[in-house]
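Report on the following structure.
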Amino acid sequence: MSVPVFEEFEPAPDCGCPGCARRRRDLALGLPVRAGGHPAAHGARRALVLVTAAGAVLGGGGASGIAAALAPAAPADATDATDAALGSDTPQGGRAPLHGPPAAQADGGPTPGAVPTTSQISTETLRRTTRTEIINRAKRWVTAQVPYSMEKYWSDGYRQDCSGYISMAWNLSSNEWTGSLDRFAVRIDRTELQPGDILLFHNPANPTRGSHVTIFGGWTDYTHTSYVAYEQTKPRTRKQATPMAYWENSSRYVAYRYKGLAGGSTGAGSGATVPAGTAYPGGSEFGPGADNAHVTKLGRMLVDRGGKRFYTTGPGPKWGEADRRATRAFQLAQGWKGKEADGLPGPHTWKLLVSGTGRDIGGSSGSSGPSTDANGFPGRGSFRPGQSNAYVEKLGKQLVKRGFGKHYLSGPGPRWTEADRRNVEAFQRAQGWRGAAADGYPGPETWRRLFR
């Protein structure tokens, strides 16, 4: 009779032989064959049986019996099937040196190595880099439109997949993967994210299904519901606005900060309850020569607080005399003198701006809160999550009066709620506005039209 020919089979879970133990490790890693994994890691290639057309039997069992005995087993964890359906299409290679493994290796693909422990990695052994350098390296691949590949290496030596992209941006001395990148970083809260940090999802049950990592490039606006993501995904490197934290598996993404970061703290989150993205970034981010997203954010906040007249263009990321003059005007509005009003934002200046408190530029020196403009608009800072003031209640009552109060189940009241935002959004859409112009947060023009 004909003898069936078998390919590799899945290792027995209770077998202690070195071969099965190794295959179980490869299966856990979920790596493809060419990346150092084993065929047993892929359910579609568990077994192949060739039988004769005459339906020869083996050991008394029919062909149907053989097929049934060798049928793929159900996943050990039911979440594997869900991850397979929902996971990002970003398979990745394992840990490997720059430019890939030596040509003498068996299959020429990246070979998974031992994952370094936290004690083996310190800020002294890491290559020091700045946030600006991280983002600039990330931009190079975007400009070059580097094709996605888990096997190929770009001219700079880094593997062309999502984890290789982070290894490149962080200037690591090797190609890492989603299972090891966290060893080079400290975990932070999402509220502390700054450009150059990453959002990482590693799926330990099946790393090639869903695992992905992106570079945080800054918030798209003050709502902090989406951010600019730099990522390596099919078909090529891209930069685009992305919902926090990703399109799928959002809750499973963890924020990390590179340990070797120069010119900034790498400490983990303290757990303090501060509004998202409002932590003071440090004095080094402002002043002559500064060029970063924090300068843009500062300028926009100053414009909201009455500093628009200082800007002929912008605000933008490059520090200029307009930023200094607007900052100084805001500081003088608080009654500060001397070094306290030098035009460079310190922690106190920043706190007043991001919280919407203090006196606006040109506001009354005797006011104890946000002043209003000619139309009575108190500033965007009065309408943020967590804010509670008379302006919120005034806004709500006017929305009801104008026929845009359907989202209120009670109130309106002085505390800003999602109902306020949705009613404002409805009013803005009624003006024909779309996109960021209809985000549900009132600006001067929304306020003017609402109360005219």
Here the Kirkwood hydrodynamic radius of region 374-422, Cα-based and in Å, equals 10.9
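Using DSSP to define loop residues, name the chymotrypsin sites (Phe, Trp or Tyr not before Pro) in region 396-445 whose beta-carbon has at most 16 other beta-carbon atoms within 10 Å.
Numbers: sites: Phe404, Tyr408, Trp416, Phe427, Trp433; in loops: Phe404, Tyr408, Trp416, Trp433.
Within region 396-445, the qualifying chymotrypsin sites (Phe, Trp or Tyr not before Pro) (loop, at most 16 other Cβ atoms within 10 Å) are Trp433.
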Any chance you could look up the accessible area of Ser155 with a 1.4 Å probe, heavy atoms only, rounded to 10 Å²?
100
Show the residues, 5+ positions off or on another chain, whose built amide H is closer than 5 Å to the amide H of Gly218.
Val228
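Provide Trp247, Trp170 ordered by accessible surface of protein heavy atoms (probe 1.4 Å), highest first.
Details: Trp247 145, Trp170 0 Å².
From most exposed to least exposed: Trp247, Trp170.
Between Lys337 and Arg422, what is the FRET efficiency for a Förster distance of 45 Å, r being their Cβ-Cβ separation, to the nearest 0.05?
Values: r = 44 Å, r/R0 = 0.98.
So the FRET efficiency works out to roughly 0.55.
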Heavy-atom SASA rank of His99, His407 (probe 1.4 Å, accessible area, largest first)
His99, His407
Positive-end residue of Trp177, Thr242, Leu193, charge dipole of region 163-255 with Cβ unit charges:
Trp177
What are the ³J(HN,Hα) values, in whole Hz, obtained from phi via the Karplus relation 6.51 cos²θ - 1.76 cosθ + 1.60 with θ = phi - 60°, for each residue of region 255-261 in sequence order, with x given for Gly and Pro?
7, 9, 10, 4, 5, x, 5
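Just how many % of Cα pairs in region 138-248 lie over 23 Å apart, if you round to the nearest whole percent? Spell out each step's value before the answer.
Details: 1401 of 6105 pairs.
Summing the P(r) of region 138-248 above 23 Å gives 23 percent of all pairs.
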Rounded to the nearest 10 Å², the accessible area of Glu393 using a 1.4 Å probe with every protein chain kept is 60
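DSSP loop trypsin sites (Lys or Arg not before Pro) in region 133-197 with at most 16 other Cβ atoms within 10 Å of their Cβ, which ones? Write out the running numbers ahead of the final one.
On the way: sites: Arg137, Lys139, Arg140, Lys152, Arg159, Arg183, Arg187, Arg190; in loops: Lys152.
Passing both the DSSP loop test and the Cβ count: Lys152.
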Would you mind checking which residues have amide H under 5 Å from Leu98's amide H? H placed 1.01 Å from N; only 5 or more apart, or other chain.
Asn175
Contour excess over end-to-end distance, with Cα ends at Ala241 and Thr130 and 0.36 nm allotted per residue
37.7 nm
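Longer than 28 Å from Cα to Cα, which of Lys337/Lys397; Lys139/Lys339; Lys239/Lys259; Lys297/Lys337; Lys318/Lys394; Lys308/Lys394 are they? Say none if no pair is.
Numbers: Lys337/Lys397 40 Å; Lys139/Lys339 38 Å; Lys239/Lys259 24 Å; Lys297/Lys337 24 Å; Lys318/Lys394 38 Å; Lys308/Lys394 25 Å.
From Lys337/Lys397; Lys139/Lys339; Lys239/Lys259; Lys297/Lys337; Lys318/Lys394; Lys308/Lys394, over 28 Å: Lys337/Lys397; Lys139/Lys339; Lys318/Lys394.
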Per residue of region 320-330, what does 6.51 cos²θ - 1.76 cosθ + 1.60 with θ = phi - 60° give for ³J(HN,Hα)? Whole Hz please, x for Gly and Pro, Karplus curve as stated.
x, 4, 4, 5, 5, 5, 5, 5, 5, 4, 5
Would you pull out the residues with amide H under 5 Å of Met244's amide H, same chain only if 5 or more places away, H placed 1.01 Å from N?
Ser226, Tyr227
Note, region 389-399: 3J(HN,Hα) by Karplus (6.51, -1.76, 1.60, θ = phi - 60°), whole Hz, Gly/Pro = x, goes 7, 5, 5, 5, 5, 4, 4, x, 5, 6, 4
Along Cα→Cβ, 7 Å out, is where each label goes; now give me the distance between the ones at Ser355 and Ser388 in nm to one decimal.
1.5
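The values are calculated or read from the model by the stated rules, or taken from the named source; none is laboratory data. On a predicted model such as this, the values are computed, not experimentally measured, just so you know. When we count neighbours, we look across all protein chains shown, and the Cβ atoms used for this are built from the backbone with ideal geometry, even at glycine. What goes into the accessible areas is simple: the full protein's heavy atoms, side chains included, and nothing from ligands, DNA or RNA. Shrake-Rupley method; radii C 1.70, N 1.55, O 1.52, S 1.80 Å.
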